[in-house]
Amino acid sequence: MNAHELRVFPPAPPLRGHLPFGDPAGAPDRIEVTSRWFERGGRPWIPITGEIHYSRIPRERWSEVLGQARAGGLDSVATYVFWAAHEPEPGRFDWSGNLDLRAFIELAAAHGLDVIVRLGPWGHGEYRYGGFPEWLAERDDLRTRTDDPAYLELVRPLYAQIIAQLKGLTHAEGGPVIGAQADNELYDRPDHLATLRGIAEESGLRVPMWTATGWGGAQVPATLLPLYSAYAEGFWEDETTEWPAFAPFHFRYSEVRDDLTVGADLREALDGIATESAEPLEHDDRTPFATCELGGGMHVAYHRRPLVSSADVANLALAKIGSGSAWQGYYMYAGGTQRTGAQGTQQESHATGYPNDVPQLTYDFHAPIGEHGQIRPHHHYLRRQHLWLREEGHRIATMASTVGGGSDDPDELRWAVRSDGRSGYLFTTTYQPPKRPLAAQSGVQFTVRFDDGEVTVPTAPIDLPAGVSAAWPLRYPLTADLELRSATAQLLTRLDDLVVLAATDGVPVEIVLGDGTVVDLPAAPGPDCVIDLDGVRLLVLDDASANRLYRLPFAGRDRLILADAPVHLDDGDLIVRPATEHAAIAFLPAPTALEAEGGRLEADAGDGPWATWTLTAAHAGAIPVPVERPGPATAPEPRRGGPMGRLSAPTDYTGAATVHIEVPDFGDADRALLRLDWTGDTGRAYIGDAFVSDHFWHGRNWDIDLTPYRDTVARHGVRLELLPWRRAAGVWVDQSVRAIEDGIAIKSAAIIRVGTIRLNAPTSEVP
């Protein structure tokens, strides 16, 4: 039998008033930072933040992306201010178009999102020169990222310009800006980081949270809060590395926050700091465990092209909650496109002294929201966690994590308990990425001992399948008089008298009340599995339905929504974006009336608790496109470059195969993507004379957004320039796709049409 026991104790009260953060006493909606958690309006709070770069997304798509982020459960977004984009010439600042930081923040607020502004001056973000303007990078008389007076004289007007954009938008002024980050990934100059906060405050910026990136053993001054990272893979690793040494750690439970190897190549190449010289932060009793870069996916470089999955992202994020995270921050949450300036495309490259060549245009990052608005599975997987944190974050924040099994032994069951001493959540996982999978665990049972009793879950041992993670409630209060002693299902949310739980595939659901009564399920987990108890109902969803669940305020009140297509709110209406002709949507409770614009709406008959409609979008769905077989192609000889001598991306396309694709009329689709299932090395796409997309093949489809070129693409189609794969070149790709043959192949091409249906309730009501 695989039995485990753990004693948990009430955590010590946090330190207060010892950190230079937070709002003054008496401030409206006061934000405070204790040694263990964050508080807002006197209530413990776990912020949920996603990185979205306004300058890399067309302005006309900001609202959609922010709406999807809010629907995904974020309460805040973080964004880089890239100096090069805003001051391309000394003294000439540009805040227009999709550089309008103020408009982006105002729109975020309209969607109910707060904002953390990553001020720079150096940002990285795979931007050319880390976001330094060309004219600054070319100066050899400056010691950048130091307190060199000449450098600071250039920083001050930049900060003054940024802060002028934020006037009236800070939290103290009733606005959404709750935090600011000074510089990025600066490891050994705490005095300079402190100086940057001082300059920002001299320019008038007052925010409750001041942060700095803390990974890599960074020396962070006391005036900034260190935030940490966790990635499942890294494009910055060498092509000879099968799986980065840092990655397995992040799928275990641990109080250790730091990661010495994230971005270590850049540290060594640009700053001359060897990884071995930094000391990891084992635990810090003075600051909460906070993150700003949980990998929402992963970028690719020419020499190394990781394949991070949606399951990787979701399981890593849940492991951090089980480890005690008090702030979930994702990088990236929405992908974008690299900017193009006077010097050409603005990506980091060997030509600008970086260790890695990355794509010239795409910055998709395989994020939950893709470069062109694609909604990925981890948008849904993470939303489940965010619904839970929204409901229970005030309790979870105060709970300390105690690790029961968190070693690197792949045969040991990994588990932890996050508890306040009387109740809590039991976390367990058999998940690790497929390149190093963990085995199933048989006969699993846990006993958690509290001060006033113990809970054994499940009541009889069960088998945990491989590849799952869970967070099971212990002693969860259902009503003032009724307790959920334990459940082998995860809490999602609570609406009125309805508590929503989610089953895990392969794990039998057991629900035990406080008196030890085991509750029988009336049906298999699913939308109709409702258990009526005294004063409360339990809805136990199956895994697939849980991934379709939203909770949004619509038609006068919060409602649960099960949707086949991504949904978000816009000015009170519910926006549905189907990529198929038909999609189902269900509400609980149902609005008394529903109307649709942009599609047809038909109510479905049913006797369950949900009211369901079928939506029809005439201009949504895939259209297969014939594509010619690529002709012969010759790859240029491999080159190496950059400070670490890594493989360089080819720039010579004279030997590329050219493929022309005629694009059929995609009608009134809101968005149209050309999706290519192909193999090769690298590719470029042109519409007319415009270079519109590029792709380093790594095992995923290549999506090209045709929407901005609707008229041009009808006349010219799409021209592809493709270079062949050559295994002998030494490029690293994931083992799951490593067996491809040399050459180029296009397996299929299709136009993916995405529609927009706007749902509104003619009258608002609270049934």
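The values are calculated or read from the model by the stated rules, or taken from the named source; none is laboratory data. All figures in this text were calculated on a predicted structure; none of them were measured in a lab. Virtual Cβ from ideal backbone geometry, glycine too; neighbours counted across all protein chains shown. We work out accessible area using only protein heavy atoms, side chains counted, and drop any ligands, DNA or RNA first. Shrake-Rupley method; radii C 1.70, N 1.55, O 1.52, S 1.80 Å.
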Practice problem: Please pull out the direction-averaged projected area of segment 100-254, using the convex hull of its alpha-carbon atoms, in nm² to one decimal place. | Solution: 11.5
Quiz item: Gain in length, residue 456 to residue 345, computed as 0.36 nm per residue apart minus the alpha-carbon separation, to one decimal in nm?
Solution: 34.1 nm
Exercise. Would you mind telling me the antiparallel percentage of the DSSP bridges in the chain, rounded to 5?
Key: 75
Exercise. List, in order, the whole-Hz ³J(HN,Hα) value for each residue of segment 142-149 obtained from phi through the Karplus relation with A = 6.51, B = -1.76, C = 1.60 and θ = phi - 60°; use x for Gly and Pro.
Key: 10, 9, 5, 6, 9, 8, 3, x
Quiz prompt | Per residue, the convex hull volume that the Cα atoms of segment 156-241 enclose (Å³) | solution = 125
Quiz prompt | segment 667-767: GluC sites (Glu not before Pro) falling in loop per DSSP and having at most 14 other Cβ within 10 Å | solution = 741, 765
Exercise. Evaluate the Debye formula for segment 688-749 with equal point scatterers sitting on the alpha carbons, no solvent, and hand back log10 of I(q)/I(0) at q = 0.28 Å⁻¹, in q order, two decimals.
Key: -1.38
Quiz item: Expressed in nm to one decimal, what extension gain is obtained for the pair residue 640 and residue 714 from 0.36 nm per residue of sequence separation less their Cα-Cα distance?
Solution: 22.7 nm
Practice problem: For segment 594-685, report the translational diffusion coefficient in µm²/s to the nearest whole number, using Stokes-Einstein at 4 °C, 1.567 mPa s, and a Kirkwood Rh over Cα pairs. | Solution: 70
Quiz item: Just how large is the dipole of segment 498-620 about the Cα centre, in debye to the nearest 20, putting +1 at every Lys and Arg Cβ and -1 at every Asp and Glu Cβ?
Solution: 240
Quiz item: Please state the relative contact order of segment 467-520 as a whole percent: Cα pairs under 8 Å, 6+ residues apart?
Solution: 31
Quiz item: In Å², what does the accessible area per residue of segment 469-596 work out to with a 1.4 Å probe?
Solution: 34
Self-check item: Net charge of Cβ neighbours under 10 Å - reference residue 86; Lys, Arg +1; Asp, Glu -1
Solution: -1
Quiz item: Over all distinct alpha-carbon pairs, what is the Kirkwood Rh of segment 1-107 in angstrom?
Solution: 17.7
Quiz item: With charges only on Cβ, +1 for K and R and -1 for D and E, what is the dipole size of the chain about its Cα centre, in debye, rounded to 20?
Solution: 360
Quiz prompt | For Cα extents along the principal axes in Å, calculated from these coordinates, the label among (1) 74, 59, 54; (2) 68, 61, 57; (3) 89, 61, 44 | solution = (1)
Quiz item: Considering only protein heavy atoms, what is the solvent-accessible area of residue 582 at a probe of 1.4 Å, reported in Å² to the nearest 10?
Solution: 100
Self-check item: Residue-span extension gain [residue 143 to residue 523] - 0.36 nm each, minus C-alpha spacing
Solution: 130.0 nm
Quiz item: PRE reach from residue 134 (point 7 Å along Cα→Cβ): which of segment 46-85 fall under 14 Å by backbone N?
Solution: 84-85
Exercise. Would you grab the residues whose amide H sits under 5 Å from the one on residue 304? Only those 5+ places off in sequence or on another chain, please, with H modelled 1.01 Å from N.
Key: 732
Exercise. Could I have the simple spin-label model distance between residue 439 and residue 747, label points 7 Å from Cα toward Cβ, reported in nm to one decimal?
Key: 3.2
Quiz item: What residues qualify as long-range amide H neighbours of residue 431, i.e. H under 5 Å apart, gap of 5 or more or another chain, H built at 1.01 Å from N?
Solution: 467, 468
Quiz prompt | q = 0.14, 0.21 Å⁻¹, segment 480-545: log10 I(q)/I(0) [Debye, one scatterer per Cα] | solution = -0.35, -0.82
Self-check item: For segment 350-445, convex hull volume per residue from C-alpha positions, Å³
Solution: 198
Practice problem: Enumerate the amide H contacts of residue 493 below 5 Å, restricted to partners 5 or more residues apart or on another chain; note that Pro and chain-start residues carry no placed amide H. | Solution: 500
Quiz item: Taking Cα pairs under 8 Å and at least six residues apart, what relative contact order does segment 452-584 come out at, in percent?
Solution: 16
Quiz item: Accessible area of residue 332, 1.4 Å probe, to the nearest 10 Å²?
Solution: 0
